[in-house]
Amino acid sequence: MDPTLEEQLESQIVALYKEKEELELELGSSDIDAIIHEFQNLQKELTYLYSFKENYRTVDTNRIQIESISKAYIPNHRFHKNSNQ
């Protein structure tokens, strides 16, 4: 085998192991299936949070009577269309 080809292969293997170690360090896993699964779960969570934000809004508590909290989430459909904030 050509020494140049051997060096290239060794360099690629070293780079792959370095990437694997970085994934283990940063994400706790280098298993591609686990990483994809976690990514998909985070994507679902983000979609849920965005939908929550679209369907609810914060209301200062001086507009409603609630004790011991400063804001509450109220579904948008509970308000009249002309009173949107």
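The values are calculated or read from the model by the stated rules, or taken from the named source; none is laboratory data. Model, not experiment: these values are computed from the prediction. Cβ atoms come from the backbone with ideal geometry, glycine included; neighbour counts cover every protein chain shown. The area values use the complete protein model at the heavy-atom level, side chains included, leaving out ligands, DNA and RNA. Shrake-Rupley method; radii C 1.70, N 1.55, O 1.52, S 1.80 Å.
Tabulated data
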| item | result |
| --- | --- |
| Condition met for THR58 (surrounded by 10 or more Cβ atoms within 10 Å (Cβ to Cβ) and not in a helix (DSSP H, G or I)) | yes |
| Extreme residue, most open to solvent (accessible area, probe 1.4 Å), among residues of the range 61-85 that are modelled with pLDDT of 70 or more and not hydrophobic (A, V, I, L, M, F, W, C) | ARG78 |
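Conditions (1) in a helix (DSSP H, G or I); (2) under 30 Å from PRO75 (Cβ atoms); (3) open to solvent by 100 Å² or more (accessible area, probe 1.4 Å); (4) hydrophobic (A, V, I, L, M, F, W, C), marked per residue:
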{"position": "VAL14", "(1), (2), (3), (4)": "yes, no, no, yes"}
{"position": "LEU23", "(1), (2), (3), (4)": "yes, no, no, yes"}
{"position": "SER30", "(1), (2), (3), (4)": "no, no, no, no"}
{"position": "HIS37", "(1), (2), (3), (4)": "yes, no, yes, no"}
{"position": "TYR50", "(1), (2), (3), (4)": "yes, yes, yes, no"}
